[in-house]
1. Tell me which of these His241 doesn't satisfy, since it passes every other one: (1) over 28 Å from Glu80 (Cα atoms); (2) without any contact (Cβ under 8 Å) to a residue 24 or more places away in the chain; (3) not in a helix (DSSP H, G or I).
2. May I ask you to list the residues in region 29-54 that are at pLDDT 85 or above, surrounded by fewer than 17 Cβ atoms within 10 Å (Cβ to Cβ) and in contact with a strand residue (DSSP E or B) (Cβ under 6 Å, 6 or more places away or on another chain)?
3. Name the single residue that is nearest to Val331 (Cα to Cα) among those in region 380-416 being acidic (Asp, Glu) and at pLDDT 80 or above.
4. Which one of these does Cys19 not meet: (1) assigned to a loop (DSSP other than H, G, I, E, B); (2) at pLDDT 90 or above; (3) in contact with a Phe, Trp or Tyr (Cβ under 7 Å, 6 or more places away or on another chain)?
5. When you check Ile259 against the structure, is it at pLDDT 85 or above and touching a Gly at 6+ places or on another chain (Cβ under 8 Å), yes or no?
6. Could you identify the single residue in Thr307, Thr321, Thr339, Thr325 that is at pLDDT below 85 and over 27 Å from Glu452 (Cβ atoms)?
7. Taking the criterion of being crowded, with 23+ Cβ neighbours inside 10 Å and under 18 Å from Leu148 (Cα atoms), would at least one residue in region 234-246 satisfy it?
8. Could you check region 134-158 and list, in sequence order, the residues that are of a type in the set (A, V, I, L, M, F, W, C) and either touching a strand residue (DSSP E or B) at 6+ places or on another chain (Cβ under 9 Å) or assigned to a loop (DSSP other than H, G, I, E, B) (or both)?
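The values are calculated or read from the model by the stated rules, or taken from the named source; none is laboratory data. Keep in mind that this is a model prediction, so the values were computed, not measured. Don't worry about glycine lacking a Cβ; one is built from the backbone with ideal geometry, like all the others, and counts go over all protein chains shown.
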Amino acid sequence: MIRQQKLGDALRELAKYRCPDLTEKVSFLGDIDDIDIIAGFYDIYKATLIGHEGVVAVKCSGDTVVKHIINELRVVSKLEHPNILPCLGYIVTELRGSASYDKPSRDQRMISIVYPWVDLNLRDYLKFRPNANRAYLCNQVIEGLQYLHNAGVIHGDLRARTIMISEQGTVQITGFGGSVLKDDPPGYGNSFQMAGRWAAPERMLTVGAEPTVQADVWSLAMTILEAFTGSAPYSELSELHALVAAADGRIPIRPENFIGIKVGYDEILWALLLLCFQLIPGNRPSLKSVHDIMNVIQREGQINIETQADETEHITIKRTTALPTIIDHLVDQGCLDVTKQLTYMDESHKYSGALSDVYQARLLNGKLVAVKCLRALTNSQSKPEKVFKRTARELYAWSVSAHPNILELVGLAVFHDKLAMVAPWMPYGSLLAYIAENPQSDRCRLCAQVAEGLVYIHGLGIAHGDIKGDNVVVSNEGVAKITDFGCATMRRDFPVAFTATESVSYSVRWAAPELFLDEGIRTNYETDVYALGMV
């Protein structure tokens with residue numbers, strides 16, 4: 001436990017890091033002994049936090065590692081990136097020896113860290129979603145690690161279990177108990193907190209060896225190997241023999257195949273891993289080099305596992321397909337039906353665009369959402385079945401896209417007998433609206449985020465077709481997110497196909513000139529790039 005003097009010293013140190021004290025705002029969901037996750041150095045409990053949507057995780061430790069909890073707060077309090085699990089703050093509480101969370105005794109209190117609760121780590125996510133885009137997930141890990149290193153943070157314990165995946169499919173790195181800052185003096189951090197199967201050999205051979213940038217690259221490679229094989233490194237070895245192999249610098253046996261990688265690109269991936277497994281730390285590649293190669297694999301070297309299924313499993317949605325059948329097909333492909341979760345719907349405030357109406361609503365969990373309903377085209381004679389198909393097409397293109405710079409799709413809903421799209425409510429309805437309210441915002445960064453989102457959907461095989469400022473929203477955190485997939489075209493085969501749809505007008509001011517010169521040309525990757533330049 002923490003004695004009063006020690007607790008006071010710790011709290012004074014936390015004040016320097018500007019960590020929010022959430023003690024009065026957190027309520028645990030279970031009893032004292034109801035530990036939700038038992039980890040090697042910590043116990044994690046579920047709780048609620050006033051003002052926070054959803055459950056939070058409270059990471060607790062005993063007196064023997066208090067300095068490591070303080071060190072973790074020191075590291076994570078300064079971090080802010082889509083691929084880093086955000087630290088919400090800390091609490092001072094008692095979890096042992098008393099059933100009272102409200103009035104802990106002075107000599108039995110501990111400091112615990114509060115994070116958002118995320119259900120799945122990378123390993124479990126890939127078990128539940130074996131068809132997931134593994135190269136894309138690995139690229140997110142790399143981007144998160146690049147951010148950490150640029151911020152002066154060395155992770156020290158990177159592996160699939162310290163990488164969480166949000167409901168939107170976004171990677172969020174956590175597990176900072178063994179992290180250090182680059183300018184820390186030797187012995188400052190928790191050098192023994194690491195997992196041997198993923199640790200660089202130089203850390204295994206020297207007692208108290210500090211984590212380094214190069215050691216993180218080794219662990220990253222082990223994590224990539226884990227993602228593309230579905231197994232931990234040295235999976236054929238017992239724990240003891242795996243530790244011996246890691247300390248000896250023996251690299252894992254090359255797998256017979258990598259999940260979802262084309263022939264030829266498996267050689268590129270293995271060559272990349274071998275570069276990262278260099279025994280001399282200085283010979284390992286930079287994260288930028290790793291990212292560049294992984295981008296090639298993501299863009300060109302992946303097999304779409306879903307499209308490998310038998311042709312009879314492919315689905316075609318036609319104008320004559322009934323609405324319940326359309327919903328069943330979309331739900332089967334992972335699009336959630338949230339009709340019964342919609343509670344309050346403000347129909348008095350309707351936001352109308354050229355082809356759709358948007359309403360504000362709330363889900364059962366209190367989350368504010370936007371409900372988008374398409375209207376009939378002027379030349380479609382207002383037939384509802386055509387609107388159903390257009391909506392389903394937009395829903396499907398949107399639902400397969402999960403990226404920090406793509407607005408998350410909450411799901412589909414039936415509203416007034418119409419098929420509708422449900423997404424988080426964005427206070428800034430467009431990029432221009434955000435810039436008007438925040439004239440000092442970093443416009444280059446916002447444009448780069450739009451470009452990153454576009455690169456991602458092109459990698460999926462989708463051309464957006466209507467990139468413009470009005471189709472980019474900005475979150476409260478200042479992150480640009482592409483939305484509106486109504487003009488999207490599929491540039492490769494997907495498990496769900498749609499019969500020909502009447503042309504939807506593109507936005508003339510942003511349209512590439514070739515769209516006006518040749519009647520047969522449809523929007524594609526190149527026209528998207530032109531429109532991006534206009535943005």
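1. With respect to (1) over 28 Å from Glu80 (Cα atoms); (2) without any contact (Cβ under 8 Å) to a residue 24 or more places away in the chain; (3) not in a helix (DSSP H, G or I), His241 is out only on (3).
2. Lys46, Thr48
3. Within region 380-416, the first condition is being acidic (Asp, Glu), and the residues that meet it are 385, 394, 408.
Next cut, at pLDDT 80 or above only: 394, 408.
Numbers: Glu394: 14, Glu408: 16 Å.
In this case the residue turns out to be Glu394.
4. Of everything listed in (1) assigned to a loop (DSSP other than H, G, I, E, B); (2) at pLDDT 90 or above; (3) in contact with a Phe, Trp or Tyr (Cβ under 7 Å, 6 or more places away or on another chain), Cys19 misses just condition (2).
5. Values: at pLDDT 85 or above: yes; touching a Gly at 6+ places or on another chain (Cβ under 8 Å): yes.
For Ile259, the condition - at pLDDT 85 or above and touching a Gly at 6+ places or on another chain (Cβ under 8 Å) - is met.
6. Details: Thr307 fails: over 27 Å from Glu452 (Cβ atoms); Thr339 fails: at pLDDT below 85; Thr325 fails: at pLDDT below 85.
Only one candidate passes the filter, namely Thr321.
7. Scanning region 234-246, I find no residue that is crowded, with 23+ Cβ neighbours inside 10 Å and under 18 Å from Leu148 (Cα atoms), so the answer is no.
8. Quick first cut of region 134-158, residues of a type in the set (A, V, I, L, M, F, W, C) only: 135, 137-138, 141-142, 145, 148, 151, 153-154, 158.
Those that are of a type in the set (A, V, I, L, M, F, W, C) and either touching a strand residue (DSSP E or B) at 6+ places or on another chain (Cβ under 9 Å) or assigned to a loop (DSSP other than H, G, I, E, B) (or both): Ala135, Leu137, Cys138, Val141, Leu145, Leu148, Ala151, Val153, Ile154, Leu158.
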